[in-house]
Structure formats: C-alpha cells, structure tokens
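Colleague: What follows is a single structure, and I will ask about it in a moment.
The values are calculated or read from the model by the stated rules, or taken from the named source; none is laboratory data. This is a predicted model, so every value here is computed, not measured. Because the Cβ atoms are built from the backbone with ideal geometry, glycine has one as well, and the counts that use them run over all protein chains shown.
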Amino acid sequence: MDPANEPERDLVVWIAQSRPFKRRDRQFFVTTFAIAGIVGLVLFLAEGLMPVLLIVSLVFLYYILSTVEPEKIEYKVTTRGIKIADKRTDWEYLTKFFFSKRLDSDLIVFGTAAVPGRIEVVINPEIKESLKKEVSVYIPYEEVAETRLEKFINWFAQKLPGNNS
C-alpha cells in the first residue's frame, strides 16, 4: 500500500501548555522595569519619544506573557506530520528537529522550510525518548549550536533575579 494513501495514525499524543511559561516574582519585575526605564530615558534623550513608546509596549507585552498562564492544548505526532491544536504541519515542510529547554519547559524544536523557520512545541519530559524515536523516522535529529545572540541573551537572563537555575 502506498504511504500517501495510508490513513493517518497518531504515533504520540500529549497535552501541554501552549507556550513556555515561568511565574515571576515581584523583584524580577521591579528590576525589569528599572532597566527599561533607564534605557528608555537614554533613548528619549538621544532619539525622542518613538523608541520609548516601543520599549513601553515591549515591556507591557512581556509583563502580560509572564503573568497570564497559557492554556493547555493537545499535540500529536502522526504519520502525516505534527498537529498542534488540530492544525497539521506535514513532514514535507519540516527539515530537522532537536530538543531544547526554556523557562523551565522542555521543548521539541522543528526546523521548517518556510517562514517562521522553526516551530517550538512544549513537551512532557517523560515522552522525550518516544518522540525522538517516532519523529526521527520522518526527519533527521540534528543538534543546533547556540548563536552568539542566544548565548548573550542566556547570559543576560541569568543575571536577572529569579533566574539562577
């Protein structure tokens, strides 16, 4: 039987948060707002109001994403691709995968052939090996080295209060 005509089967199914999330304390936000205020003041003196408005909007977005807990959704790895909340991305659009960790959440990261370039999915740690086994049948497992920007961001994040882990 032709694999393209084969009915779609679920290989791995799990429920997890829709995005990485870590609850922050008051000290973290005080430090973040202080840094944003200083940078905003410097940019206001150098460039005017528009960069300050951009910083205020980004800090507000970050505050909301850090305080509102994400919903739980269903993820599936199937014989045709990956499904995130019943929206499928076929294997032909995925180029590679690897595992990562961000904000105390384990992730499986898929490289894509089109925009946005990667899809990050929150996973439960206990299904990591079965995911690796099932997904590697369709696309290659390939570790990706951190870029200089990612290294700098991780270093800076470790300096903020509440990120010592």
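Colleague: Between a residue in the stretch 10-25 that is closer than 8 Å to Ser105 by Cβ and any residue that is part of a strand (DSSP E or B) and among the acidic types (Asp, Glu), which pairs come within a Cβ distance under 8 Å, given they are 6 or more apart or on different chains?
Modeller: Once the first residue is closer than 8 Å to Ser105 by Cβ and sits in the stretch 10-25, its partners that are part of a strand (DSSP E or B) and among the acidic types (Asp, Glu) give Pro20/Glu120.
Colleague: Next question, about the same structure. I need a count of the residues in the stretch 114-165 that are loosely packed, with under 11 Cβ neighbours inside 10 Å, outside any helix (DSSP H, G or I) and not charged (D, E, K, R).
Modeller: Here the count works out to 9.
Colleague: Please specify each residue of the stretch 1-29 satisfying the condition of being loosely packed, with under 11 Cβ neighbours inside 10 Å, at pLDDT 80 or above and farther than 23 Å from Lys72 by Cβ.
Modeller: Those that are loosely packed, with under 11 Cβ neighbours inside 10 Å, at pLDDT 80 or above and farther than 23 Å from Lys72 by Cβ: Pro7, Arg9, Asp25, Arg26.
Colleague: Just give me the residues in the stretch 57-93 being over 17 Å from Val137 (Cβ atoms), within 17 Å of the chain's Cα centre (by Cα) and surrounded by 14 or more Cβ atoms within 10 Å (Cβ to Cβ), in sequence order.
Modeller: Tyr62, Tyr63, Ser66, Pro70, Ile73, Tyr75, Ile84
Colleague: Still on this model: Could you say whether any residue in the stretch 92-103 is within 23 Å of Leu65 (Cβ to Cβ), in a loop (DSSP other than H, G, I, E, B), at pLDDT below 85 and hydrophobic (A, V, I, L, M, F, W, C)?
Modeller: In the first step, residues of the stretch 92-103 are kept if they are within 23 Å of Leu65 (Cβ to Cβ); the result is 99-103.
Then keep just the ones that are in a loop (DSSP other than H, G, I, E, B); that gives 103.
So of that shortlist, the ones also at pLDDT below 85 come out as 103.
Add one more test, that the residue is hydrophobic (A, V, I, L, M, F, W, C), and what stays is 103.
Yes, the conditions are met somewhere in the stretch 92-103.
Colleague: What tally of residues in the stretch 26-48 results from selecting those that are touching a residue at least 12 places away in the same chain (Cβ under 8 Å) and of a type in the set (Asp, Glu)? Talk me through it step by step, then tell me what you get.
Modeller: Narrowing the stretch 26-48 to residues touching a residue at least 12 places away in the same chain (Cβ under 8 Å): 27-29, 31-33, 36, 39-40, 43.
Imposing the further condition that a residue be of a type in the set (Asp, Glu) reduces the set to none.
Qualifying residue count, the stretch 26-48: 0.
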